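Okay, structure first, notes after.
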Amino acid sequence: MQWDVVADSRVSRGSPPSLGGLREDRDRLSRDNDDLRDKLNTLQNELSDLGSHLVRLALQMVADRKESTKQERDDALSRLTVAREASSSGLRSSQNASSEIDRLRADLATAEDNYNRAEAALEQANSTVQALTMEVRPRLE
């Protein structure tokens, strides 16, 4: 009795499958497997690149924000110094100098708050980077 393999993997009675046909199927499946492995490697590399890019972008954004906040703080300190010098040299009235100093102190406090928030955001970004790194590494291995 002879058996035929039908396209949907059922076996029917008939002539035995040809070895040439089986070899062609095996070779085709092997090529498909190799193609899928190449695509998987490509996707893993793209995932790694995207993760690295995301991390660099997040760190750059935090660093930029921190630098901006630091500049605000430095500007407020500079204005406070100028106001103190002007106040002590008598260029402004005592009341104006006092209100300017109060305003500058408020600006300095705001700048320091922004600086602290930027540092906290940097720490959060570092935590996120570490978590993403731990998540991506096993996928690449």
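Since every read-out is calculated from the coordinates, none of them should be taken as a lab result. Please read these numbers as outputs of a predicted model, since none were measured by experiment. Heads up, the Cβs are rebuilt from the backbone with ideal geometry, glycines too, and the neighbour counts pull from every protein chain shown.
Quick one: net charge of A111's neighbours, Cβ under 9 Å, K/R +1, D/E -1?
Charge balance in the 9 Å sphere: -4.
Report the label-to-label distance for R84 and N126 in nanometres (one decimal), using points 7 Å from each Cα along the Cα→Cβ vector.
The two pseudo-label positions are separated by 3.1 nm.
Work out, step by step, the length gained on full extension between Q71 and A109: first 0.36 nm times the residue separation, then minus their alpha carbon distance; give nm to one decimal.
The Q71-A109 span can extend by a further 12.3 nm.
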